[in-house]
Amino acid sequence: LVRSRGLGDVYKRQVMGLKTHCKLILIVRRDYNGLRRYVHIGTGNYHPMTSRIYSDLGLLVYDKDLGRDTTELFNYLTTGFTPKRTYRKLLVAPKILKRALLDKIDREIRLAKSKSPGRVIFKMNALEDEDITRALYAASMAGVKVDLIIRDSCRIRPGMQEFSQNIRVFSVLGRFLEHSRIYFFHNGGQSEYFIGSADSMKRNLEHRVEVLAPVESAKLKKELDSILQTQLEANVHV
């Protein structure tokens, strides 16, 4: 248990052997019809300095499943007790997140093989994990269109015939540090968007407490798509 001093006394608990990297706030509020759990999921730190120079995303939402999941996660963080923790919507590392990403990439491969357009877009700081890298190569070879917006290191080499001819890699430079993580899967037209704290790195997916959360509002999905398409189309810095 670590005590830090700042705008008040804050207590942080690290699960033994894991760095807690997820960005979550759980608000329990007595509302007009009883207690409600509001959740904020962020892609960046709650930090006054980095918030001025990092480009990040946050979702503040009232959702019963996300509220339950976040409560479950905080119970895990405060007790360290792990058996049979279940989550309805959150993808939580190290137990669930990596397997979920691999399964969703595999689903795009199956859809592409059945003549349905396969599409994956990842925006993150780094792509380093070997299993995710292999899965994206396999997706490209199956005909899935893969776009990667990677600020830092990227293990994939795009444009290689037979291996990665369906993969494009972008790096965005600008006034602000691109720090947000967005994961998009076409899912046969039932598009899925996730935001959160996790890069596709072995340390993040296997040795940290990380979270990706679904964005389900049609309006917010449209905003995320606008962010992704803008960054995929830009070829100059003004």
* To do: State which residue pairs qualify: first residue surrounded by 20 or more Cβ atoms within 10 Å (Cβ to Cβ) and inside segment 130-150, second residue of a type in the set (D, E, K, R) and assigned to a strand (DSSP E or B) in any location, beta carbons under 6 Å apart, and separation of 6 or more residues or different chains.
  => D147/R168; I149/K123
* Structure fact -> Per the list (1) under 30 Å from V61 (Cα atoms); (2) surrounded by 16 or more Cβ atoms within 10 Å (Cβ to Cβ); (3) modelled with pLDDT under 95; (4) not hydroxyl-bearing (S, T, Y), residue check on G196 breaks on (3)
* **Selection within segment 162-179 - closer than 23 Å to D225 by Cα, among the hydrophobic types (A, V, I, L, M, F, W, C) and part of a loop (DSSP other than H, G, I, E, B)** => V172, L173, F176
* Among the numbered conditions (1) at pLDDT 95 or above; (2) open to solvent by 20 Å² or more (accessible area, probe 1.4 Å), tell me where L97 comes up short. => (2)
* Structure fact -> Of (1) on the phi < 0 side of the Ramachandran plot; (2) part of a loop (DSSP other than H, G, I, E, B); (3) open to solvent by 40 Å² or more (accessible area, probe 1.4 Å), K115 fails just (1)
* Asked: Counting only residues that are out of contact with any strand residue (DSSP E or B) (no Cβ under 8 Å at 6 or more places or on another chain) and either in a loop (DSSP other than H, G, I, E, B) or under 20 Å from P117 (Cβ atoms) (or both), how many does segment 180-215 have?
  -> 4
* T78: loosely packed, with under 13 Cβ neighbours inside 10 Å and in a helix (DSSP H, G or I), yes or no? -> yes
* Answer yes or no as to whether Q231 is over 13 Å from I41 (Cβ atoms) and either open to solvent by 30 Å² or more (accessible area, probe 1.4 Å) or of a type in the set (V, I, T) (or both). => no
* If you take the residues of segment 44-75 that are of a type in the set (F, W, Y) and surrounded by fewer than 16 Cβ atoms within 10 Å (Cβ to Cβ), which of them is farthest from L228 (Cα to Cα)? -> F74
* Within the set of pairs 6+ apart or on separate chains, which have a first residue in segment 161-186 that is under 26 Å from L91 (Cβ atoms) and modelled with pLDDT under 95, a second that is assigned to a loop (DSSP other than H, G, I, E, B) and hydrophobic (A, V, I, L, M, F, W, C), and C-beta atoms under 6 Å apart? -> E178/V172
* Structure fact -> The condition from (1) modelled with pLDDT of 95 or more; (2) among the polar types (S, T, N, Q); (3) part of a loop (DSSP other than H, G, I, E, B) that T70 misses is numbered (3)
* Asked: Is it fair to say I109 is open to solvent by less than 10 Å² (accessible area, probe 1.4 Å) and not aromatic (F, W, Y)?
  -> no
* G159 vs. criteria at positive phi, assigned to a loop (DSSP other than H, G, I, E, B) and in contact with a strand residue (DSSP E or B) (Cβ under 8 Å, 6 or more places away or on another chain) -> yes
* Collect the residues in segment 151-178 that are open to solvent by 40 Å² or more (accessible area, probe 1.4 Å) and among the charged types (D, E, K, R), keeping them in residue-number order. => R151, D152, R155, R157, E162, R168, R175
* Asked: Could we say that T86 is of a type in the set (S, T, Y), outside any helix (DSSP H, G or I) and either in contact with a strand residue (DSSP E or B) (Cβ under 6 Å, 6 or more places away or on another chain) or open to solvent by 60 Å² or more (accessible area, probe 1.4 Å) (or both) here?
  -> yes
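The values are calculated or read from the model by the stated rules, or taken from the named source; none is laboratory data. Because the structure is predicted, anything quoted here is derived from the model rather than measured. Please note: Cβ atoms are built from the backbone with ideal geometry, for glycine as well, and neighbour counts cover all protein chains shown. Accessible surface is based on the protein model in full, side chains and every heavy atom, while ligands, DNA and RNA are left aside. Shrake-Rupley method; radii C 1.70, N 1.55, O 1.52, S 1.80 Å.
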